[in-house]
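> I have a structure here, written as structure tokens, and I will follow up with some questions on it.
The values are calculated or read from the model by the stated rules, or taken from the named source; none is laboratory data. All of these numbers come straight from a predicted model, not from anything done at the bench. Here the Cβ is made from the backbone with ideal geometry for all residues, glycine too, and neighbour counts use every protein chain on show. Calculation scope for accessible area: heavy atoms of the full protein, side chains included, ligands and nucleic acids excluded. Shrake-Rupley method; radii C 1.70, N 1.55, O 1.52, S 1.80 Å.
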Amino acid sequence: MTPLLQTKQLTGGYGDFQALFGIDVTVGAGEVVALIGANGAGKSTFLKSVAGLLRAAPSQILYKGAPIGGLPAERIVGQGIALVPEGRRLFPSLSVEENLRLGAYCGRPGRWDLDAVFGLFPVLRERRHHPATALSGGQQQMVAIGRALMSNPELLMCDELSLGLAPVIVREIYAALPAIVAGGMSAIIVEQDVRLARQVSSRFYCVQEGRVSLAGESASASDEAIAQAYFGVAA
Amino acid sequence: MNTLVNILLQGVLLGALYALFAMGQSLVFGVMRLTNIAHGDFIVLLVFLLFALTGIAHLPLAVALLLLVVIAFAAGYGVQYFLLNRVSSRDPLPSLMVTFGLSIVIQNVLQELFSADPRAIATGGFEALSVALPGGITVGYLPLLTLLATIGLTFGLQWLFGRTALGRAFRATSDDREIVQLMGVSHRRTYALAMAIAFVLIAVAAALYGMRTAVAPADGPALLLYAFEAVIIGGMGSFWGTFLGGMALGVAQQAGFYFDPGWGIWLGHVMFLAVLVVRPQGFLPKTA
């Protein structure tokens, strides 16, 4: 069976600075995969490359078996890959509802619409007419997730949902994840909190200095092996 | 009393034209932070295009106007997509240089083709018609039409930006042109559409301006100045700000003209400088 997403020796970076040195990641249909690693390991660069914001060679990224590397980002979202960007990056000139509606710009049909997102995060319905950046950090993260869901992706990529949020809010946000992937959606979760990442995923990849240093089942991997792969030294 | 009412009324009517000049500039700056130095020259260019369509090709005015709007839309899209998108970045200098160059090219090409003589659009005497109000005040049909067009277009733009999917895409692209691509919005096409709409506004302004007065190839920079002043007086918050900015400029000039025909333009600039000193953010500044 063809995996939903497969990267083959993915390289990439910013201008002259190379951040990825050949990453192989596979995501199956309906699977939740965690990407863990230290700051600057290349996790966000990986997601941006898959989303089309950074250049990649066509054959380095296969989606449903077809090469999509190098396609512009505005075409990739229409194929069913959505990114919740690091730091939320909501549009300050738009209200909560307008941010969500813009997420549906590509017009992919599916079960996610305004009502479905408000059903997932009821607090957003009350604040739908507020400017998006007037909300609390946790609520802004809900808008960012909802905005990505509005494009009805088959693959949802979340970059550091916990960034700048209180632990209790982080748990609340991750509690919504099972309901999101219940419809068969795949997800890549980038997270610094290793324990949290392993809890919500079935498999994980540990990235270190632009290379995959360890991959395995989230439930069965040993803490020592992960620490070794995470920091590059024996803990 | 009548004099005061007359100055205000004529000022508002003149201001409507300035607001119309400024509307395209306001749109382009709002969506892509582009300062178009050739804005005034594009107005003059379209006046001459309309002159060529009616005066040389002898098309009926209505047909020529329709053709002008279509050509303007396509030209605006093309100029942005193939030329200005290449120099659009956080650095404002490259686009300033390119539009400055366009300004010089347009002026000289028009002089080469049409000579330096001023030209006007023939309307069959419509520009001279007026209605007499009580108190000895006379209002021209053409200025009145200009005011109605400006009000209508301001409403239209405000609706487009506030209520439609395209308007959301415009505002979001202005906020963050990287992330908007993740929504499936091509910022290059959005920019091109914004310039296309700005060119339609320029076409309307050009038609009404060319009917009102004779226009010479080198008149563009003066029009650019009025557009700039109206945008800055109004603030960057909304198209109604630009509308108010145009009105303020028109009334100030009209007041100057009352005291001395040489004072009109001057008093407009003085009012602009006064606003910069007292309220540099403009009447309706951007709140977000």
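> Within the accessible area of region B:2-278, what % is carbon and sulfur when the probe is 1.4 Å and the other protein chains stay in place?
Details: 8280 of 11730 Å².
Carbon and sulfur atoms account for 71 percent of the accessible area of region B:2-278.
> Charges only on Cβ, +1 for Lys and Arg, -1 for Asp and Glu: so what's the dipole of the protein assembly as shown about the Cα centre, in debye to the nearest 20? Before the final figure, lay out each step's value.
Values: 33 positive and 31 negative charges, 109 e Å.
The dipole of the protein assembly as shown has a size of about 520 debye.
> Just the number please: accessible area per residue for region B:2-278, 1.4 Å probe, all protein chains included, in Å².
On the way: 11730 Å² over 277 residues.
Heavy-atom SASA per residue in region B:2-278 reads 42 Å².
> If you don't mind, there's one more thing I want to ask. Place a +1 charge on the Cβ of each Lys and Arg in chain B and a -1 charge on the Cβ of each Asp and Glu, then give the dipole magnitude about the Cα centre in debye, rounded to the nearest 20.
On the way: 13 positive and 11 negative charges, 161 e Å.
The calculated dipole for chain B is roughly 780 debye.
> Do any residues of region B:168-184 show a loss of at least 30 square angstrom of accessible area between the isolated chain and the full protein assembly, using a 1.4 Å probe, and if so which?
For region B:168-184, once contacts with the other chains are taken into account, B:168, B:171, B:172, B:175, B:176, B:178, B:179, B:181, B:182, B:183, B:184 lose 30 Å² or more.
> Which of A:221, A:41, A:182 moves the most in a Gaussian network model of chain A with Cα springs under 10 Å?
Looking only at A:221, A:41, A:182, the biggest GNM fluctuation is shown by A:182.
> Along the Cα→Cβ direction, 7 angstrom out, place labels at residue B:218 and residue A:202. What is the inter-label distance in nm?
7.6 nm
> Charges only on Cβ, +1 for Lys and Arg, -1 for Asp and Glu: so what's the dipole of region B:54-176 about the Cα centre, in debye to the nearest 20? Mind showing how you got there, number by number?
Values: 6 positive and 6 negative charges, 68 e Å.
Dipole magnitude for region B:54-176 comes out near 320 debye.
> Give me a comma-separated list of calculated 3J(HN,Hα) values for region A:33-46, in order, Karplus coefficients 6.51, -1.76, 1.60 applied at θ = phi - 60°, integers in Hz, x for any Gly or Pro.
So the J values, rounded to whole Hz, are 10, 9, 10, 10, x, 6, 4, x, 6, x, 5, 5, 4, 4.
> Just B:224, B:249, B:65 to compare: in a GNM of chain B, with alpha carbon springs under 10 Å, which one fluctuates most?
B:65
> Under a GNM of chain B (C-alpha, springs under 10 Å), which listed residue has the highest mean-square fluctuation: B:258, B:191, B:209?
B:258
> Here is a follow-up. Can you pull the mean other chain C-beta count within 10 Å for peptide A:103-109? Intermediate results must be reported in sequence, preceding the final value.
Values: counts 3, 3, 10, 4, 2, 1, 0.
The per-residue average across the peptide is 3.
> Oh, and also: Report, ordered by chain and residue number, the lysines lying within cross-link reach of residue A:64, taken as a straight Cα distance under 30 Å and ignoring same-chain residues fewer than 8 apart.
Filter leaves A:8, A:43, A:48.
> Next question, about the same structure. Divide by every residue of chain B the summed helix terms, -39500 (n - 2.57) for each DSSP H run of at least 4, and state the resulting mean residue ellipticity at 222 nm, rounded to the nearest 500 deg cm²/dmol.
Values: 10 runs with 195 residues, N = 288.
Dividing the helical sum by the residues of chain B leaves -23000 deg cm²/dmol.
> Express the relative contact order of chain B as a whole percentage, based on alpha carbon pairs under 8 Å and six or more residues apart in sequence. Could the numbers behind the result be given before it?
Numbers: 478 pairs, mean separation 103.2, N = 288.
Taking the mean separation of contacting Cα pairs over the length of chain B, I get 36 percent.
> What's the buried accessible area, both sides, between A and B using a 1.4 Å probe, rounded to 100 Å²?
Working: alone 10700 and 13670 Å², together 22400 Å².
Answer for the A-B pair: about 2000 Å² buried.
> Pairing the Cα long axis of helix A:137-149 with the longest principal axis of chain A, what angle in degrees results, from 0 to 90 and rounded to the nearest 10?
That works out to roughly 80 degrees.
> Here is a follow-up. Measuring from label point to label point, each 7 Å out along Cα→Cβ, what is the residue A:126 to residue A:179 span in nm?
1.5 nm
> Next question. Of B:167, B:268, B:94, whose Cα points farthest to the positive end of the dipole of region B:2-278 (charges on the beta-carbon: +1 Lys, Arg; -1 Asp, Glu; origin at the Cα centre)?
The listed residue farthest towards the positive side: B:167.
> Then there is this: What 222 nm value per residue comes from the helices of chain A, counting each DSSP H run with n ≥ 4 as -39,500 (n - 2.57) and dividing by all residues, nearest 500 deg cm²/dmol?
Details: 10 runs with 78 residues, N = 235.
Computed mean residue ellipticity for chain A: -9000 deg cm²/dmol.
> Shifting gears a bit: What does the structure give for A:82-94 when I average, per residue, the other chain Cβ atoms found within 10 Å of the residue Cβ?
Details: counts 3, 2, 1, 4, 0, 1, 1, 6, 4, 12, 5, 12, 6.
Per-residue shielding by partner chains comes out at 4.
> Let me ask something additional. With a 1.4 Å probe and all protein chains kept in place, how much accessible area does residue A:14 have, in Å² rounded to the nearest 10?
100 Å²
> Using alpha-carbon pairs under 8 Å, 6+ residues apart, how would you state the relative contact order of chain A in percent?
On the way: 485 pairs, mean separation 60.9, N = 235.
With pairs under 8 Å counted, the relative contact order is 26 percent.
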